1. Among the candidates G226, G267, single out the residue that is modelled with pLDDT of 95 or more and farther than 30 Å from L19 by Cα.
2. For the range 421-447, name all the residues that are surrounded by fewer than 20 Cβ atoms within 10 Å (Cβ to Cβ) and either closer than 20 Å to S473 by Cα or touching a residue at least 40 places away in the same chain (Cβ under 8 Å) (or both).
3. For the range 444-487, give me each residue that is among the polar types (S, T, N, Q) and within 23 Å of G139 (Cβ to Cβ).
4. Taking L229 as meeting all but one of (1) within 9 Å of the ligand (Cβ to nearest atom); (2) of a type outside the set (V, I, T); (3) part of a strand (DSSP E or B), write down the number of the exception.
5. State yes or no: is M371 more than 24 Å from the chain's Cα centre (by Cα) and surrounded by 13 or more Cβ atoms within 10 Å (Cβ to Cβ)?
6. Is it fair to say V250 is of a type in the set (V, I, T), more than 22 Å from A450 (Cα to Cα) and within 10 Å of the ligand (Cβ to nearest atom)?
7. When you scan the range 1-91 for strands (runs of 3 or more DSSP E) that lie fully inside it, which ones turn up with 2 or more residues that are open to solvent by 80 Å² or more (accessible area, probe 1.4 Å) and assigned by TED's automatic domain parsing to the domain that holds P156?
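The values are calculated or read from the model by the stated rules, or taken from the named source; none is laboratory data. Note that the coordinates shown come from a computational prediction; the quantities given were computed from them, not determined experimentally. So basically every Cβ, Gly included, is an ideal-geometry build from the backbone, and we count neighbours across all protein chains shown. With ligands, DNA and RNA removed, areas are computed over all heavy atoms of the protein, side chains included. Shrake-Rupley method; radii C 1.70, N 1.55, O 1.52, S 1.80 Å.
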Amino acid sequence: MTSVDTNIQTDPFALARDLSGKHFYAGEMRPSLSGKTFPVINPATGEQVAEAAFGEAADIEAAVQAAATAQKAWKKVGARDRGKLVVKCGQILAEHADELARLIALETGKALRTESRVEASVLADAFTFFGGLGSELKGETVPFSPTIMTMTMREPIGIVGAILPWNVPLLLMALKIAPALVAGNAVIVKSAEEAPLTVLRVIQLMNTVMPSGLVNILSGYGPECGAPLVSHPKVGKVTFTGSVETGKIVYKAAAEKLIPVTLELGGKSPMIVMEDADLDRAVAGAIAGMRFTRQGQSCTAASRIFVHDSLHDAFVEKLKAKVDAMKMGDPLDEATDIGTIVSPQQMDRVQGYIAIGKKTPGAVAHACSAMPADPKLAKGLFVQPHIFTGLTNDSQLAREEIFGPVCCIIRWTDYEQVIADANDSEYGLAATVWTNNLHKAMDAVNRLEAGFVQVNQNLVVQPNLSYGGVKASGLGKEASLESMLEHFTHKKTIMINMA
Ligand code: NAD
């Protein structure tokens, strides 16, 4: 347990300065051993708001040593008592939800009202959910023989390395570290270079109730800070969320040590609107599914929308009108619906795809939502949401993950073909089906190759619903009791001969 300022800080700029240049490990805020930092930029203005500590192998080494010591004591704490402390973390994080929401809006550009507040509140909920699961770390007895008592026990793995992306870092961090801790592990988080501050504040707050050294975080770049975490001999498990490309690097490095990994990777999720769908509901589902309010920066973004020919034109008109009415602006302004893209690199990537789409034969680009007029935001990373029609499923825009506010609407007439097209993707993260016909819904549900399939809704990951992709979208599940048992413990088999 450590003493930190737990006063709620409503000014995100001041909080960013307070957190500047530090990791949190071994119970303290600490600069990098090299003293190096990198800038944290407000994507709405291009101004620097803080520095982040530049973590390297030596920092990872120091954090691992602290985590190893803390974990030895933590695994001896009763599972329900561990859970109680995780629930307490949830309470503190709930009290700080607005503070965390403002800070995440500042560093990532996600609009406060529509995105950042939602994420900050589900963060606390995830801790509360997992904190209640301590007594579920049960083993089994096996009827092997009357004289040989045979049973299994769930044991913690040891030190878990958790590597985060920038798009929903609070929620994704919670889904990794809350179950890992309840299961008796210590954790070392590696934050995304674009979003190091809010997750640092979360770990700082958690350390006001957790034993010193148990929950640690380092900021830095992938090769310098992420890679030594994965390859450290004392790290026994890695849970990673990010791109397919990096996921493969992490998987290979983990294979060298033969340690388990969970990989939550990219997606190109199909949304199929059948001829009998409720049009208004489907349009609302497309807006939620495409995460236009998050500039489309979502792994499950419904970025391939297959609309039946009979509804296509009306669907496009309604969708355009609704997205057009959304207000793009300062992420910290309560009136803003859509904030910014996270970084100049991501902005270039998104604009590159828009340019490719415009050059695709047959494609029509519909740019929606006016660019902000405020001169203070002139250097902000704003991109108008783009709805493309006239594309086919084999076009580059429909095949590759853009991770921005660009969606492809594909007209269809043949049911067998639309199911084949929906599955014709390297990804398999999520899918939705829109119909009032139960038979059709169930047929599509059974045939779609995705880890998460929904009918007539487009919700995000929920506590205790296993979440994760198939195909190139990943390996293993998160968010549920089973994920805690399967990914953060190992099963020990015990036989006691009583003859
Ligand atoms: P990214 O792969 O570039 O980076 C993710 C993390 O990996 C960062 O913290 C980065 O520093 C780290 N990293 C980079 N190289 C590394 C290395 N060699 N060793 C260890 N760590 C390394 O991804 P991103 O741009 O931050 O996030 C966007 C991607 O994440 C998209 O593809 C998106 O679909 C995916 N994502 C998936 C989910 C999901 O739940 N399936 C959720 C959110 C985002």
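1. Numbers: G226 fails: farther than 30 Å from L19 by Cα.
Answer to the check: G267.
2. Result: N423, D424, E426, N436, N437, K440, V445, N446, R447.
3. Quick first cut of the range 444-487, residues among the polar types (S, T, N, Q) only: 446, 454, 456-458, 462, 464, 466, 473, 480, 483.
Of everything in the range 444-487, those that are among the polar types (S, T, N, Q) and within 23 Å of G139 (Cβ to Cβ) turn out to be N464, S466, S480, S483.
4. Unmet condition: (3).
5. On the way: more than 24 Å from the chain's Cα centre (by Cα): yes; surrounded by 13 or more Cβ atoms within 10 Å (Cβ to Cβ): yes.
Taking the combined requirement at face value, the residue satisfies it.
6. Numbers: of a type in the set (V, I, T): yes; more than 22 Å from A450 (Cα to Cα): yes; within 10 Å of the ligand (Cβ to nearest atom): yes.
So V250 fits the description; yes.
7. Working: elements: 23-25, 28-30, 37-41, 48-53.
Because the criterion is at least 2 residues that are open to solvent by 80 Å² or more (accessible area, probe 1.4 Å) and assigned by TED's automatic domain parsing to the domain that holds P156, no strands (runs of 3 or more DSSP E) in the range 1-91 meet it.
Yes/no matrix, rows are residues, columns are (1) open to solvent by 10 Å² or more (accessible area, probe 1.4 Å); (2) more than 16 Å from the ligand (Cβ to nearest atom); (3) not assigned by TED's automatic domain parsing to the domain that holds W166:
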{"position": "A254", "(1), (2), (3)": "no, no, no"}
{"position": "M274", "(1), (2), (3)": "no, yes, yes"}
{"position": "A302", "(1), (2), (3)": "no, no, yes"}
{"position": "E317", "(1), (2), (3)": "yes, yes, yes"}
{"position": "G352", "(1), (2), (3)": "yes, no, yes"}
